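Worksheet: one structure, shown below.
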Amino acid sequence: MNKNELAISVIMSVFNGEEFLSEAINSILNQSINDYEFIIVNDASTDRTTHILSEFQRKDKRIKIINNIENIGLARSLNAAILAAKGKFIARMDADDFSFPGRLQAQYQYMVNHPDTIVCGTAMSIYEEVNNNKTPPLSHERIISSIIFDCPFYHPTVMMRKDILLNLNPIYPEDYKKAQDYGLWVKLFLISINKNYKFINLPDVLLKYRTHPEKNRINYYNEQMFYAAMSQFKLMSALGIKIDLDSIIKMNSSDKLSIGEIIKLNKALKTIAPKIIFLSSIEYKKYIYEILILKKFKLYSRVRVNSVLGVLLKVYSRLLYLTNRKK
């Protein structure tokens, strides 16, 4: 690290986030490590966000504000923050979450000790839930095995190597309205295939996350799944897996399916499996098998129960789940 380079740049984008913004900012300012800057992009807010940011910047010189003239969205705002960053590592933070005091120190220490790791996330807890701890896939093998079907990181928990991110243009996909983080993980996965890059999640709960259950979660989920499907389609195409976007969207959906649709999607799963296993060495195969069984269980459980065969598929999905849970 050269003398002009900081250890960490924490990046946040905020649009009309006055309600929880001060709490989120203070949680970063109270970290146990001090060698960082905090870049906050104000995405043309119209509430008290601009005033709150000005007050914090006046009191703490670690805070750098980028004021967007017009609202440009999350991906473009985060990309601008990364390009302006002086830190060796980029840490994400959202304007309504809370980072526990040891978060940055724990991730920074891990990244320094493991120079081949390019993304380090953590477990997190949820404000609105009673049994609220959420643990992502922890090991590199589990993360890589799950990335084709799912997002393996909790976005606001991650720390990333800036030099690797700067190889991407754009860094976050700017044509995505949702699931921009998953788009980035897919990009990083593809450039890591022929390199020795590692991905990791720490088991420690180092961030508290807000889900805002009062919002229309169905519309949000459907839009999220659409853009996630776009990333999966790009990933599968890059791996030589021939599957259409519509099938991926249906695979990710929670909608009920006809028996014909399930048969078609099950065939698609069978074409995906050999390609994944071919890509991965022996230590991945167990995890990939688990993921494919779970995907098949979820697929069968979505059958419309309007025939004897539909009932049998529903029963089979349950047996499939119970059998593999015991292994």
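The values are calculated or read from the model by the stated rules, or taken from the named source; none is laboratory data. All values reported here derive from a predicted model rather than from experimental measurement. All Cβ positions, even for glycine, are placed from backbone atoms using ideal geometry, and neighbour counts span all protein chains on display.
Overview of values
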| item | result |
| --- | --- |
| The lone exception for L21 - which of (1) at positive phi; (2) of a type in the set (A, V, I, L, M); (3) in contact with a strand residue (DSSP E or B) (Cβ under 7 Å, 6 or more places away or on another chain) it fails | (1) |
| Subset of the stretch 156-190 (residues that are touching a strand residue (DSSP E or B) at 6+ places or on another chain (Cβ under 6 Å) and surrounded by 18 or more Cβ atoms within 10 Å (Cβ to Cβ)) | P156, T157, V158, M159, M160, R161, K162 |
| Subset tally (residues that are of a type outside the set (A, V, I, L, M) and buried (at least 21 other Cβ atoms within 10 Å of the Cβ)) for the stretch 95-135 | 9 |
| Criterion (modelled with pLDDT of 95 or more and among the aromatic types (F, W, Y)) met by exactly one of Y182, Y127 | Y182 |
| Selection status of A238, at pLDDT 85 or above, farther than 20 Å from Y127 by Cβ and out of contact with any Leu (no Cβ under 7 Å at 6 or more places or on another chain) | no |
| Subset of the stretch 136-167 [aliphatic (A, V, I, L, M), part of a loop (DSSP other than H, G, I, E, B) and modelled with pLDDT of 95 or more] | V158, L166 |
| Criterion violated by D204 - all others in (1) surrounded by fewer than 20 Cβ atoms within 10 Å (Cβ to Cβ); (2) in contact with a Phe, Trp or Tyr (Cβ under 8 Å, 6 or more places away or on another chain); (3) part of a strand (DSSP E or B) satisfied | (2) |
| Tabulated pairs, the stretch 170-186, first on the phi > 0 side of the Ramachandran plot, second of a type outside the set (D, E, K, R) and surrounded by 23 or more Cβ atoms within 10 Å (Cβ to Cβ), C-beta under 6 angstrom, 6+ apart or interchain | A179/A228 |
| Condition check for R142: crowded, with 19+ Cβ neighbours inside 10 Å, farther than 20 Å from D43 by Cα and in contact (Cβ under 8 Å) with a residue 24 or more places away in the chain | yes |
| Near pairs, Cβ below 9 angstrom, 6+ apart or cross-chain, from the stretch 226-242 (free of Cβ contacts under 8 Å to residues at least 40 places away in the same chain) to any residue that is surrounded by 16 or more Cβ atoms within 10 Å (Cβ to Cβ) and not in a helix (DSSP H, G or I) | A229/A179; F233/I243; S237/I243; I241/I148 |
| Segments classed as strands (runs of 3 or more DSSP E), wholly inside the stretch 1-111, with at least 2 members that are among the basic types (K, R) and touching a residue at least 12 places away in the same chain (Cβ under 8 Å) | 87-92 |
| Exclusive hit being in contact with an Asp or Glu (Cβ under 7 Å, 6 or more places away or on another chain) and either surrounded by fewer than 19 Cβ atoms within 10 Å (Cβ to Cβ) or under 24 Å from K198 (Cα atoms) (or both), set N71, N67 | N71 |
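Results for (1) in contact with a Ser or Thr (Cβ under 8 Å, 6 or more places away or on another chain); (2) polar (S, T, N, Q); (3) modelled with pLDDT of 60 or more, shown as yes or no for each residue.
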site: D255; (1), (2), (3): no, no, yes
site: P274; (1), (2), (3): no, no, yes
site: I282; (1), (2), (3): no, no, no
site: K285; (1), (2), (3): no, no, yes
site: K295; (1), (2), (3): no, no, yes
site: S307; (1), (2), (3): no, yes, no
site: T323; (1), (2), (3): no, yes, no
